[in-house]
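None of the figures in this text is laboratory data; all of them are computed from the coordinates on show. Remember, it's a predicted structure, so these values are computed and weren't measured experimentally. Virtual Cβ from ideal backbone geometry, glycine too; neighbours counted across all protein chains shown.
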Amino acid sequence: MRYPLPERIGEPQLLTGREKEFALFYKWIERIPRRLSKSRVILARRKSGKTAFIQRLFNRLWSENGKVIPLFFEISEAKKWYPNFAIEYYCTFASQYISFLDRDDDFVHTPLSLEQIKAYGESKNHKYLLNDIDSMMRYKASHDYDLLWKTAYTAPERFAASLDHRFLVIIDEFQNITEYIYRDKACETAKDETLAGSFHGVSESKLAPMLVTGSYVGWIVAILDKYLEAGRLKRFFMTPYLTPEEGLQAVFKYAEYYEEPITNETATQINQLCQSDPFFISCVMESEFEGKDLTTRQGVVNTVNFEISDRRSEMSMTWGEYIELTLQRVNDIHAKTILLHMSKHADRYWTPKELKETLKLDIAPNEIQEKLRTLVKADLLTEGISDIDFRGLQDGTLYLILRNRFEKEIINFEPDLKKDFHKELDELQMDKKALQGKLNNLVGKFAEYQLATDFRSRKRFPLSIYFEGVADKDQNVELNIIDVRQRVKFHRQDGKEMEIDVLAESACGRFVLVEVKKTKEKIGVKVVQDFQEKVDVYVRQFPDKIILPAFLSTGGFTEDALTFCMDNHIGTAEGIAWFFE
C-alpha cells in the first residue's frame, strides 16, 4: 500500500484497531459505485483519531485504484480570503483527480496551480478541466467570486456525472468553513458564516457523496441543522477509545516505535490507566516526565499522573483548550461544580432542578439551565431528548483532567490521583487470569513484540520455559538477555535479503533466533525449512556464536513440521508463557 497523503499519525503502523469502524465504512464505500451511499459526518472530539481514520481511507482507496476516486481537503484554522479559498479547493480536487488517473502521488501532497492544471488539460485534451479553468480565471478577473466558488465545490459531482466516475469527497474539520473564510481581502471584517450552505445540494449526491468530520460536536451539529437540514449527512459518533485488546496492541506499537522500554505487565497497566485511548497512550510514551520509567508499576503511575497534572504536558494542554474556551463564558464556581459532578456521574441524565438539589446550588434552575446549554455548546456536556435533560460526556480522560483542575477549588480537597491509580491497578492485578487472557488474545496479532518484551522483562531464565526441544549442549543454562532486536535483516551471499523476527543475545554468548508466524492454520514443513535456511546462513556468517533457533506458531504445526523441528533441534511453541509477580 502506498501513502500519497502523509498521515498525521506519522508512521503508518501506529494506526491501531478501529476494525469495526473500518468495516462499517468500507461497506458504505463499496456501495458508492451503485449510487447507494448517502453522505456522512464523523463527529468526535479532538485527538480521537478521526483524521488518521479518514486519511487512511483516502490512502487505501488511492492505492486500490478502484472505482471510487478519493478526494481529501482540510479546512484549517487559518483565515482565508473567499476567492483564494475557492481556488485552493478546486486545485486540490483537480490535483488529486489527476494524481489518481496518472498514479502520481506528488500531486496529492503538492497540488498543481490553475495554470499547471490548464497545461495538463491541454496535454490530455481534457475538455472538462479546460472549461473549468477558463471559467475560473474569467470569474476571478471579473470578481464574480460566488461563481468561482460554485465551479469549485460542484466539480466532483459534475465530473462524476459527465465522465461516469464516482468520487468520495472527504472534508476534514468542516465546521471551520463558517469561521475562517472572509469576503474582505484583509480577512478582518466580512466573515462569511453561510458557506456551509453551499453544500446543501451536493451533499445529496450519490455520484460524489461527502464524508466530513467535526471536532466540536455541538458546533458542527448546529451548522448541519441550519445549513444541511433534513438529515443530508448521516451522523456517526466516533469514540476516542479503542477496545481493551486494541488499546493493549497500541501500547506495544507505541513502545516499539518510540523505543520506550516496557514489560508485558506494565503494558497492561498503561492501557488500563490510559483507558485504551491511543492519544493518551502516545502522550505517556512521549512524556517528558523527568523520572519516567515504564518498566515498573510506580513509574507508570508517576508518568500517567504527570500527563494529567502538569499544565505543560501535551495531554493537559490539549484538554485545556476545551476547558478554557468554555470557562471564558462560564467562569464561575457553579459551572465548574456542575461540570465536575456530571462528568463523574455521566451514566445518567440530570435536570437543572436535580442539580440544584443534589449540589445545593444557590442559583435558580433557569440559571443552571443557561450554564448547561453553554457547556453543551462547548462540547463538554450533551443534551437529552427533553429540553431539560443533560448528561456529562462519557469520557474518562476528561473527568481526570477536570478533577485535577477543579476538585481542590470546589471541595477544598486536592485529589490524590496517584492513590486512585494504584487502587485501579490493584483491582487489575487481583484478577491475574483476566490479565493473562488479555495478553493471550493479542498473541495472534502481535506475538513478536510481546515475546521480545517478555525476553527483556525476565532476569535469568532457561529458554525451555518458552520452547520445547531447544538445542543446547547445556540444557540447564540460564540466559541473561542483554539485547533484544526485532526484524533483524541480513543478506545471503548472493545478495538475497533475509529477516529474523526476534533476535536475543545473552551475556553467555548465546543468540536466540525466533521465527514468528501468526496464522490460524497450522504451518507446514516448507515454512520451517525456509526458517532453517535463515539459521544456516546466520550460522555461517557468525561461526563463533552459539545459535539457538526457535519457532513460535500461534496456529500450531503439522506433524511433518514438528518432526522437522525435532530433527533439526528447532525449539517450538504455540503460545507465550506469561509470568506476573
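Report the FRET efficiency, 1/(1 + (r/R0)^6), for residue 533 and residue 464, where r is their Cβ-Cβ distance and R0 is 22 Å, rounded to 0.05. So, using R0 = 22 Å, E works out to roughly 0.35.
Of all beta bridges that DSSP places with both ends in region 443-573, some 55 percent have antiparallel geometry. For the chain, the longest principal axis of the Cα atoms and the long axis of helix 333-344 meet at an angle of about 50 degrees. Only alpha carbons enter this Debye calculation for region 443-573, each as an equal point scatterer, and the log10 of I(q)/I(0) it gives at q = 0.16, 0.17, 0.22 Å⁻¹ is -0.78, -0.89, -1.51. Normalising by residue count, region 263-309 has a Cα convex hull of 61 Å³ per residue. Computed over region 1-132, the quotient of the alpha carbon radius of gyration and 2.2 N^0.38 Å is 1.14. Counting only residues at least eight positions apart within a chain, or on another chain, the aspartates and glutamates with an alpha carbon under 12 Å from that of residue 79 are 179, 184, 188, 192.
Computed extension length for residue 347-residue 13: 116.8 nm, one decimal, from 0.36 nm per residue of separation with the Cα-Cα distance subtracted. Label-to-label distance for residue 189 and residue 116 is 3.6 nm, based on points extended 7 Å past Cα in the beta-carbon direction.
In whole percents, the pair-distance distribution calculated for region 143-217 from its alpha-carbon pairs, binned every 10 Å from zero, is 17, 45, 30, 8, 0.
Look at where the Cα atoms of region 154-228 and of region 234-256 average out, and the two centres are 29 Å apart.
The slack in the chain from residue 521 to residue 423, taken as 0.36 nm per residue of separation less the alpha-carbon distance, amounts to 31.2 nm. For region 12-237, pairs of C-alpha atoms spaced more than 24 angstrom apart make up 43 percent of the total. The angle between the Cα long axis of helix 114-124 and the longest principal axis of the Cα atoms of the chain comes to about 70 degrees, rounded to the nearest 10.
Residues whose amide H lies under 5 Å from that of residue 548, counting only those 5 or more places away or on a different chain, are 511, 512, 513; hydrogens are built 1.01 Å from N in the peptide plane.
Using a simple spin-label model with pseudo-atoms 7 Å out from Cα toward Cβ, residue 472 and residue 135 lie 7.4 nm apart.
Largest first and in whole Å, the equivalent-ellipsoid semi-axes of region 315-394 read 19, 14, 11, each the square root of five times a Cα gyration tensor eigenvalue.
Taking amide H as placed 1.01 Å from N in the peptide plane, the amide H of residue 208 sits under 5 Å from that of 167, each at least 5 places away or on another chain. About its Cα centre, the chain has a charge dipole of approximately 1380 debye under the convention of +1 per Lys or Arg Cβ and -1 per Asp or Glu Cβ, with nothing else charged. For q = 0.06, 0.10 Å⁻¹, what log10 I(q)/I(0) does the chain give under the Debye formula with an equal point scatterer on each alpha carbon and no solvent? For the chain, the Cα-only Debye profile gives -0.42, -1.01. Label sites at residue 389 and residue 31, each approximated as a point 7 angstrom past Cα along Cα to Cβ, lie 2.8 nm apart. With everything on Cα atoms, drop me the angle between helix 217-227 and the longest principal axis of the chain, reported from 0 to 90° to the nearest 10. Between the helix axis and the principal axis of the chain, the angle is about 40 degrees. What base-10 log of the normalised intensity I(q)/I(0) is obtained for region 98-162 from the Debye formula, alpha carbons as equal point scatterers, at q = 0.12, 0.19 Å⁻¹? Log10 of I(q)/I(0), two decimals: -0.32, -0.80. Let me have the 222 nm mean residue ellipticity of the chain computed from DSSP H runs of 4+ only, each contributing -39500 (n - 2.57), with the sum over all residues rounded to the nearest 500. Mean residue ellipticity, 222 nm, calculated: -15500 deg cm²/dmol.
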